[in-house]
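The numbers here are math on the coordinates, done by the rules we state, and not lab data. Keep in mind it's a predicted model, so treat the numbers as computed, not measured. Reconstructed Cβ throughout: ideal geometry from the backbone, glycine too, with neighbour counts over all protein chains shown.
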Amino acid sequence: MPVFKIHHITRYAYDRPVRESVNEIRIFPFPTNEMEVLMHELIITDQPDLHIFSDYWNNKTAVFNLKDPHQELSIESKMIVRTTAAGHQHLNFNTGKDALEQEVGSQLQLLELTRADQIESQSEIDQIVEKINQPWKSIAAIVQDCSQYIFQYFSYIKGITDIETTVDEILQHRSGVCQDFAHVMLQILRTLKIPSRYVSGYVCPNKNGMRGEGATHAWVEAWIPQHGWAGIDPTNNVWVTNTHIPLAVGRNFSDCSPVRGTFKGPAHQQLTVYVSVGYEDGHVFEEINSVKMQALPTVVPEEILVEGFAAQQQQ
């Protein structure tokens, strides 16, 4: 049962004072029986009151407002967690589509997660489906083969996509990072009517060669008959292990965005994200990323409302 110390700072700097910064954050450990939260502390600029609630997907969420003028917003999360996840060892690799249809039935949330998005390149998705879907395969085997396909035929390259990159664009250049691979996998599984959801969190591999350490990571959970939700990481082509720390789940990245918000003021903003992961052997991994934000027009009204999407693209 490994223990991880995770330190995550999201910092917005503005070139002039802004005010009424209203933000929504999902940087709490996701409630699961396979993880014990030993400590979690939030430190936010001016320590505003937090309105905490569970959203539609059962993510612990907080909303706060910084009303007074400010030129910096820092959202700092410190957590210590212990994980017990066993990965795929207890998955049912025998249940197929009949069992899946019986379990999904009329469960509205599961049905919602079987609906594929409408994209221009659906024919390419259909071709992938033909390659990985055979009638004799179990649901778990199809999910595993989907992860294998993405890992084999998509290149892991940082910097060529961003948080708004579409599945059509990812299919065009066949490369990206974990967020992109998760979105492609969701489109494939939902085309097959397999309920699947996006997961935001951290991966803590401690020098074992897994991609995605640092910043925040993303993977997929698929509904496996007679098991329930099972996580799989197409970026590393592994079933989720006890090195994956979930923060939020949803239909896609926008449901799981660690930080998003708005502010009033004609300011340009710079976003910096720092993440460190501490391991029981004393090793600490640290990474700092500066994120380009959309520039405002040269002339803007005094009362402008700007939306600052999530901490950064998940790697």
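A compact table of results
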{"quantity": "Formal net charge of residues neighbouring F154 (Cβ-Cβ distance under 10 Å; K, R +1; D, E -1)", "calculated": "0"}
{"quantity": "Low-density loop positions, chymotrypsin sites (Phe, Trp or Tyr not before Pro), the stretch 18-125 - DSSP coil, at most 15 other Cβ in 10 Å", "calculated": "Y56, F93"}
{"quantity": "Length added when fully stretched, V63-R115, from 0.36 nm per residue minus Cα-Cα", "calculated": "15.8 nm"}
{"quantity": "Low-density loop positions, GluC sites (Glu not before Pro), the stretch 157-220 - DSSP coil, at most 16 other Cβ in 10 Å", "calculated": "E164"}
{"quantity": "222 nm mean residue ellipticity, helices alone, for the chain (DSSP H n ≥ 4; -39,500 (n - 2.57); rounded to 500)", "calculated": "-6000 deg cm²/dmol"}
{"quantity": "Hydrodynamic radius by Kirkwood, which averages 1/r over all alpha carbon pairs of the chain, in angstrom", "calculated": "20.4"}
{"quantity": "Helix 178-191 axis, angle to the chain major axis (alpha carbon atoms, nearest 10°)", "calculated": "40"}
{"quantity": "DSSP-defined antiparallel bridges as percent of all bridges, the stretch 87-252, nearest 5", "calculated": "90"}
{"quantity": "Overall form of the stretch 77-159 per C-alpha gyration tensor (a/c, 1.5; a/b vs b/c)", "calculated": "rounded"}
{"quantity": "Folded to 0 to 90 degrees: helix 139-153 orientation relative to the chain principal axis, Cα", "calculated": "60"}
{"quantity": "Pairs beyond 22 Å (Cα-Cα), from K131/K193; K158/K207; K131/K158; K97/K131; K5/K60", "calculated": "K131/K158"}
{"quantity": "Fraction of antiparallel bridges per DSSP, the chain only, in percent to nearest 5", "calculated": "95"}
{"quantity": "Segments 190-198, 270-278, 97-105 sorted - mean Cβ within 10 Å per residue, highest first", "calculated": "190-198, 270-278, 97-105"}
{"quantity": "Counting all C-alpha pairs of the stretch 87-252, share separated by more than 30 Å (%)", "calculated": "11"}
{"quantity": "Per-selection metrics, the stretch 1-94 (Cα): Rg and Dmax in Å", "calculated": "17.2, 60"}
